Amino acid sequence: MTEPGPEPEKAPEAAAKTEPEPEPEPAPAPEPEAEAGPGPEAEAEPPAESKPEPHAETTPHATAGEDTPQESPAPDDETHTGDAGGNTDTEGEAEAPAANDPHATAGEDTPQESPAPDDKTRTGDAGGNTDADGEDAAPKPKPATPLAKVKSRAPALAAAYKAATATLRKKNLTGTRAKLYLVLDRSASMRPYYKDGSAQALADQALALAAHLDADPAVHVVFFSTEVDGTTDLTLAPGHDTKIDDVHAGLGRMGRTSYHAAVAAVLDHHDSHHGSHRDHRAPALVVFQTDGAPDAKTPATQALTEAAETHPDVFFSFVAFGDHDNKAFDYLRKLKTPNASFFHAGPTPRELTDAELYEGVLADWRP
């Protein structure tokens, strides 16, 4: 039993020669460990020798497993297993020998657990966070023209602009894009409303609303009586607050009330400036002001009915100036075309707040 003493010196060489060839047979490993006989004898005979050497004699396979250079292939296998994205079932056969060795098993547990947090992190980033990020990243609806620009170019419109902001939000219309038209009645009965500034005030309110709907707000204004008396454009520029009075003063004689002439003028302008094809036109909101019923009701009704068919993207919001019990407004109250609404601003429209005016104008508009 003393002869095996010199043999361990050769055993490492044999183990080193055979080590490069990975031995996937785990069965022989338990049997040498069970033969503990040579271990005590080796410890008793060479008292001066260190204890790790007898262990190397008794468990050659364990010695090979403890040798650091010989275990270098094991991390490679573990690395490949981690790279495979947690496919441990596929690499199970290569890990089987290490499963019998407690030291190798303990070494392999760490690499196998480390990919799990990485995978969880990737799953979280690619999973629930994506939807949340998508919602947060979704742009919120904003006015076409910011308040700062309105203040810098037309500061007098700031209050009306803020009132329009609140009303559009209430109507769920924030971020809506459309062209805005203003039609002003120039029949003879409208003279007092030009004198007291009611027509000019309505134009300012329309321009403030247009700033929400158009990045380059420009309100096309149509003056009508018996025919179309004239047109102009309101923009965020100095002089907007006197533009209506100035143009009205130069248009001459005031006539009768022909709705159909104004309707035709609006549709022609919209076709020529914003696309003649209905699928390529921008929506349009027409603030149509009047102080009475049309003189020719049949042409007016026919014009609005045809407009609903040919220009469903153009909406006429009628704003009436005058007494609430005026029977002339029965025509507008009974109008049933789907492209029109009616709001009675009363005999003193300048006394309405901006918010009240916008509530009436936007009550039924859904572009």
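Here are the numbers for this structure:
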{"item": "The stretch 167-292: Rg to Rh, with Rh as the Kirkwood radius over Cα pairs", "result": "0.97"}
{"item": "5 angstrom amide H check on Phe288, placed H, neighbours 5+ away", "result": "Val183, Ser317, Phe318, Val319"}
{"item": "Cα shape, the stretch 231-367, gyration tensor, a/c 1.5 rule", "result": "rounded"}
{"item": "Derived scalar couplings ³J(HN,Hα) [the stretch 148-160; Karplus, 6.51 cos²θ - 1.76 cosθ + 1.60; whole Hz; x for Gly, Pro]", "result": "4, 5, 5, 5, 6, 9, 9, x, 5, 8, 4, 5, 5"}
{"item": "Theoretical FRET efficiency, 1/(1+(r/R0)^6), r = Cβ-Cβ of Leu251 and Lys334, R0 22 Å, to 0.05", "result": "0.10"}
{"item": "Alpha-carbon centroid distance for the pair the stretch 202-234 / the stretch 325-359, whole angstrom", "result": "18 Å"}
{"item": "Leu184, Leu335 arranged by Cβ crowding within 10 Å, fewest neighbours leading", "result": "Leu335, Leu184"}
{"item": "Gained length - Lys327 relative to Gln302, 0.36 nm times residue gap less alpha-carbon distance", "result": "6.9 nm"}
{"item": "Cα gyration tensor, the stretch 289-367 - rounded (a/c under 1.5), prolate or oblate", "result": "oblate"}
{"item": "Neighbour-count ranking [beta-carbon atoms within 10 angstrom, fewest first] of Val361, Val228", "result": "Val228, Val361"}
{"item": "In the stretch 196-298, trypsin sites (Lys or Arg not before Pro) in a DSSP loop with at most 13 other beta-carbon atoms within 10 Å", "result": "Arg253, Arg278"}
{"item": "Amide H partners (placed H, <5 Å) of Ala340, local residues excluded", "result": "Phe316"}
{"item": "Per-residue HN-Hα couplings for the stretch 292-298 [Karplus 6.51, -1.76, 1.60; θ = phi - 60°; Hz; x = Gly/Pro]", "result": "x, 6, x, 5, 10, 6, 5"}
{"item": "Qualifying trypsin sites (Lys or Arg not before Pro) for the stretch 135-227 [loop in DSSP, other Cβ within 10 Å: at most 14]", "result": "Arg177"}
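The numbers here are math on the coordinates, done by the rules we state, and not lab data. Given the structure is predicted, the values throughout are model-derived calculations rather than measurements. Every residue, glycine among them, receives a Cβ derived from its backbone with ideal geometry; neighbour counts consider all protein chains shown.
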